[in-house]
Amino acid sequence: MYQEEETSFYDLLEISPSAGPTEIYEAYQRARETYSPHSAAIYSMFTEEEARELLRLVDEAYSTLSNRSRKRAYDLRLGLLDDEELKNETPNAYHSHPNKSPEKQDSLVEERKVGRAEEGWTGIVKVHRKVDPLPEGQERTRFSTYTVDAQFEKDIEDVEECDGSFLQKIREYKNVPLQELSEAMKTSRSTLRALEENELDRLPVQVFTRGIVVQYCRMLGLDEHKVVAAYMTYYKSQKST
Amino acid sequence: MMKASPKLSTATKKKVVDLRGRIAPQSTIIAVGAGKGGVGKSFFSSSLAYFLAQMGHKTLLVDMDLGAANLHTWLGEGLPSKGINEFMKDTNLTIGDVISPTMKNNLHLISGASEGLYNGDISDAEKSRLLSALYNYPTDYIILDLGAGTHTSTLDYFLMAQHHVVVFTPEPSSIENAYRFMKAVFYRKIRRYGSRLDIDQRIEHITKNNHNIKSPRDLLNTLHKEFPEISKDLKEVMNQLQFQIVLNQIRTAQDRNLGKGIKSVCQRHFGLPCEFLGALSYDNAVWQSLRQKKHLLVANPYSHLYAQIMAMARKLADPSQPKNMVS
């Protein structure tokens, strides 16, 4: 049918919104060929400038539609997805493991801005997260749940100087396996072990070691400024002797 | 049986008169046009007619290239003794009187050839008589083979059809002319059928107000936005115009993609749905069979073109009508 309004990226690439990645790619290749400056198809129909503008649009369409989250944001903006659909949609791996979620609430609706604002297609995505409630006295990290020990929590809060074994103690208190931590931090187990066993010679230079400790604290949900400062005090005192 | 309503209001009557498309034609009319000569209009229309006839449809092929008619040669027929020319001269004749049979079963021809002083210029009244005679001629398919160029009467013949086939070849000259032809068709359509909607004044109003109009699509969009009251009618009128693109004489696989590209460009430029009917390979068999004075599909049935044209004929043919693929 005759199109009244400004066309969507789907119209531009002549695909349906349900098209899969292969279809989108093929349509993109075809559109690029059609609107390229030397294409015979646009001869005498579009000026070079118009063709360039179209080509830019085609590229933008592909960069949006080929990326899952951007495509979702775009669909949402077009009104192709509604709230109902969002809820029924299969949650992605992150959301389907409530134990892995760092959130404490039972369920929360977050509004997230998606997209690049300067391009003018920023969409707001509502993320529905369902998290199982925990029994009294339990907390969770991104990897595990653990029983809260008020005394130890206080020790962590008051820490002035600590070594690697203290970090290890926190990790074990929070029931986080070294393997999972290593995978999430993209840091080898041997490095983490060296950190926990205070083998400073096997650790990288100071600035990198600090970075590793920062990551370590974030993963465990610690107050990173305090703990990192405490560890670095220890590290520096060891290095200077 | 449906009863005709006893009284038609004047407004309704007027509407029927204004919009020729509202009175159903007695056949499916397919017009084949292109801006440029020599791109294969006659070849395509004769082949298409051949296949439709083969499929068991009664088909009438009309040579509307009045100044330079040669469709009979494409079909391998001799010069018919009568044709459009005779129909024009003698107002007592009906269109049925000037139809000549061909060697192919179900296929009939109206020749446009003339050798007298008469050179194809016809008055509006004559044109109108010819168009309405064709429009009301009962048969399955009428195929109009148009001449090159963008003469007003050519545009009118083209607009009379339900299927608007435009033939391209992959050369820039052909593409340019075909685009020009399509633009001319578009503006003719909007002015002719839009007169009821005061399109002229409205367009003038739009141009005065300095809207940024670069293409027919922009024009339609602006008309819809500025005058929502005519939006529905305009949509109805303009949706009758859907170009079907044929890319003839392709030599490489990339040319096939060009056909799809042309379709995209047309859709974008006109803001109307277009269809890419298909591509036809370049084949020396075409001129060889023409020299033998036989149609390609008779002289060279093993050509690639056979299957390609058959596919297009099937696309165009109405599926509700009987088909017989084995003749």
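Worth pointing out:
- Scanning region B:200-215 for residues that are away from chain A (no Cβ under 11 Å) and touching a residue at least 24 places away in the same chain (Cβ under 8 Å) gives a single hit, B:Arg202.
- Residue-level check: of (1) surrounded by fewer than 19 Cβ atoms within 10 Å (Cβ to Cβ); (2) under 20 Å from A:Ser18 (Cα atoms), A:Tyr74 misses just (1).
- Test: residue in region B:75-88 that is surrounded by 14 or more Cβ atoms within 10 Å (Cβ to Cβ), within 23 Å of B:Leu297 (Cα to Cα) and of a type in the set (S, T, N, Q): no
- Check on B:Tyr137, out of contact with any Pro (no Cβ under 9 Å at 6 or more places or on another chain), crowded, with 18+ Cβ neighbours inside 10 Å and not charged (D, E, K, R): no
- Scope region B:247-265; condition within 20 Å of B:Ser45 (Cα to Cα) and among the small types (Gly, Ala, Ser); matching residues: B:Gly259
- Residue match in region B:287-300 (condition: surrounded by 19 or more Cβ atoms within 10 Å (Cβ to Cβ), touching a Gly at 6+ places or on another chain (Cβ under 8 Å) and either within 14 Å of chain A (Cβ to nearest Cβ) or of a type in the set (Phe, Trp, Tyr) (or both)): no
- Any hit, region A:171-190, residues being over 23 Å from A:Thr145 (Cα atoms), part of a loop (DSSP other than H, G, I, E, B) and within 23 Å of the chain's Cα centre (by Cα): yes
- Scan of region B:255-271 for residues that are touching a residue at least 24 places away in the same chain (Cβ under 8 Å) and more than 7 Å from chain A (Cβ to nearest Cβ), ordered by number: B:Asp255, B:Gly259, B:Cys266, B:Arg268, B:Phe270
One line per residue, one yes/no per condition, for (1) away from every other protein chain (no Cβ under 11 Å); (2) farther than 21 Å from B:Asn177 by Cα; (3) touching a Leu at 6+ places or on another chain (Cβ under 9 Å):
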| site | (1), (2), (3) |
| --- | --- |
| A:Pro17 | yes, yes, yes |
| A:Gly20 | yes, yes, no |
| A:Ala27 | no, yes, yes |
| A:Arg30 | no, yes, yes |
| A:Ser36 | no, no, yes |
| A:Ala41 | no, no, yes |
| A:Leu54 | no, yes, yes |
| A:Leu57 | no, yes, yes |
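- The one condition in (1) in contact with a Gly (Cβ under 8 Å, 6 or more places away or on another chain); (2) within 14 Å of chain A (Cβ to nearest Cβ) that B:Pro170 fails to fulfil: (1)
- Breaking point among (1) modelled with pLDDT under 85; (2) surrounded by fewer than 17 Cβ atoms within 10 Å (Cβ to Cβ), for A:Lys226: (1)
- Here A:Ser165, A:Ser182 are screened, and the one residue that is surrounded by fewer than 15 Cβ atoms within 10 Å (Cβ to Cβ) and among the small types (Gly, Ala, Ser) is A:Ser165.
- When B:Ile250 is tested against (1) within 14 Å of another protein chain (Cβ to nearest Cβ); (2) touching a strand residue (DSSP E or B) at 6+ places or on another chain (Cβ under 7 Å); (3) modelled with pLDDT under 90, only condition (3) is not met.
- Highlighted here are the helices (runs of 4 or more DSSP H) found entirely within region B:65-168 that include at least 1 residues which are within 16 Å of B:Tyr50 (Cβ to Cβ) and in contact (Cβ under 8 Å) with a residue 40 or more places away in the chain: B:71-74.
- Single unsatisfied condition, B:Phe227 versus (1) closer than 25 Å to B:Val39 by Cβ; (2) surrounded by 16 or more Cβ atoms within 10 Å (Cβ to Cβ); (3) of a type in the set (A, V, I, L, M, F, W, C): (1)
- Identity of the residue in region A:195-209, surrounded by 15 or more Cβ atoms within 10 Å (Cβ to Cβ) and touching a residue at least 24 places away in the same chain (Cβ under 8 Å), that ends up farthest from A:Leu220 (Cα to Cα): A:Leu200
The values are calculated or read from the model by the stated rules, or taken from the named source; none is laboratory data. In this text the structure is predicted, and so the values were computed from the model without any measurement. Glycine also receives a Cβ, built like all others from the backbone with ideal geometry; neighbour counts cover every protein chain displayed.
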